[in-house]
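Have a look at the structure below before the remarks.
Just so you know, all these numbers are worked out from the coordinates, no wet-lab data involved. Predicted model, so just to flag it, every value in this text is computed and none were measured. FYI the Cβ positions are ideal-geometry reconstructions off the backbone, even for glycines, and counts take in every protein chain you see.
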Amino acid sequence: MAASHKSITAAEIKAAVDHAYESLKDTTGGKNADYIPYLASVDPTLFGISVCLLDGTVISAGDVDHTFGIESVSKVPTAILAMREYGAVDVLEKVGADATGLPFNSIMALLLEKDRPSSPLVNAGAIAACSLVEPIGDADGKWRAITTNIAELTGHEPAVIEELYRSESATDFNNRSIAWLLKDYGRIYDDPNLSLDLYTRQCSLGTTAHQLAIMAATIANDGFNPVTNKQVFDPDFAPKITSLITTVGFYERTDDWLYKSGIPAKSGVGGGVLGIMPGMFGIAAFSPPLDEAGNSVKAQAAIRQIMQELGLNIFAASRLCVCQCATPASEA
Ligand code: GLN
């Protein structure tokens, strides 16, 4: 007999989000990133979870409106922007889709790959993706293109956390080496310093768990933002970006993550994680303390727990769901 999809209500999702929040909110473990000094000073007890269903209903618990540094989660929208500007084939050729299996800022990965492609979701590929961005209008056009794309994906105009940008720019020595190695290998398509600055600025943008859940839902919904009701990108790009997230979203811990959680997700050292259940929902969680690979400990635990409670897994036919979204807002 063919496996049939589960049916899940918004009330069941809300219960799972509340349970995860309550059971994890007082737990500790992990450590704030400190190689970017600003991040070490962020309150480690902040914790929020947000799920955005494909009818635009947002279900949340905790500090979901607290603004934090988007960091590497910003690699996702800029990879989408590169696809919007160049198409999925060119992004594969110019940047790549290779899950390095190494840390996000690995120079070793770059030395091994040389002129072969990487992924726009690791630092080298993300700096290359920034170099590709087409300017809108004037000299600040590249930056405007990056932030406009994020605003379309989240429904919210993002702003740089200036202190984070200063902190990150003053300590980005490793990334400077990456930008110039990319130049050596002919894999950067604009001035290396300018491209690195764009990358650093996009990592320093403020975001919230609520906004990331909407971005995740837009990807899960084939590029249609369910909150703004706008088609942001070509539906054909959705499986491409989700495949990149699946293969490298947690860097050298991606395989363990997928094995345990059953959901493609992408982390940032600011403590944010965004997860995609295609055709079902987008989810985001935020908590600053990280594991050794730079992935939020509590955000991972929360998303795993919610997936388990709902009995969902992207790799199991009987554990995909049809969300019954028509729930009154008061219940959600
Ligand atoms: N801006 C950070 C860096 O380049 C982002 C890393 C991350 O979030 N994993 O190191």
ask   = About the Cα centre of region 1-43, what is the dipole size in debye to 20, counting +1 per Lys and Arg Cβ and -1 per Asp and Glu Cβ, all else neutral?
value = 200
Net charge of neighbours whose Cβ lies under 12 Å from the Cβ of Ile214, counting Lys and Arg as +1 and Asp and Glu as -1 = 0
ask   = Given charges of +1 on the Cβ of Lys and Arg and -1 on the Cβ of Asp and Glu, with all other atoms neutral, how large is the dipole of region 220-297 about its Cα centre, in debye to the nearest 20?
value = 200
task = Report, ordered by chain and residue number, the lysines lying within cross-link reach of Lys183, taken as a straight Cα distance under 21 Å and ignoring same-chain residues fewer than 8 apart.
result = Lys75, Lys94, Lys114, Lys142
query = Projected onto the charge dipole of region 5-156 (+1 at Lys/Arg Cβ, -1 at Asp/Glu Cβ, origin at the Cα centre), which of Ile59, Ala33, Thr147 gives the Cα projection farthest towards the positive end?
reply = Ala33
ask   = From the Cα gyration tensor of region 80-175, with a ≥ b ≥ c the square roots of its eigenvalues, which class applies: rounded if a/c is under 1.5, or else prolate if a/b is larger than b/c, or else oblate?
value = oblate
key: Given charges at Cβ of Lys, Arg, Asp, Glu: the chain dipole, positive-most of Ser119, Ser169, Leu46   = Ser119
ask   = Counting each DSSP H run of 4 or more residues in the chain as -39500 (n - 2.57), what helix-only mean residue ellipticity at 222 nm follows after dividing by all residues, to the nearest 500 deg cm²/dmol?
value = -13000 deg cm²/dmol
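State whether the chain is rounded, prolate or oblate according to the following rule on the C-alpha gyration tensor (a ≥ b ≥ c being the square roots of its eigenvalues): a/c under 1.5 gives rounded; otherwise a/b larger than b/c gives prolate, and the remaining case gives oblate.
It comes out prolate by the Cα gyration axes.
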request  = Grab the beta carbon distance between Glu163 and Asp291, set R0 = 25 Å, and tell me the FRET efficiency rounded to 0.05.
outcome  = 0.50
inquiry  = Please state the shape class of region 34-131: rounded when a/c is under 1.5, otherwise prolate if a/b exceeds b/c and oblate if not, all from the C-alpha gyration tensor.
reply    = oblate
query = Charges only on Cβ, +1 for Lys and Arg, -1 for Asp and Glu: so what's the dipole of the chain about the Cα centre, in debye to the nearest 20?
reply = 540
remark   = Rounded to the nearest 10, the angle in degrees between the Cα long axis of helix 297-310 and the longest principal axis of the Cα atoms of the chain comes to 40
ask   = Along the charge dipole of the chain, which of Gly101, Ile214, Thr200 sits closest to the positive end, that is, farthest toward it, with unit charges on the beta carbon of Lys, Arg, Asp and Glu (+1, +1, -1, -1)?
value = Gly101
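Determine the gain in length on full extension of the stretch Phe173-Ser318; use 0.36 nm per residue of separation and subtract their C-alpha separation, reporting nm with one decimal.
Stretched fully, the Phe173-Ser318 segment lengthens by 47.5 nm.
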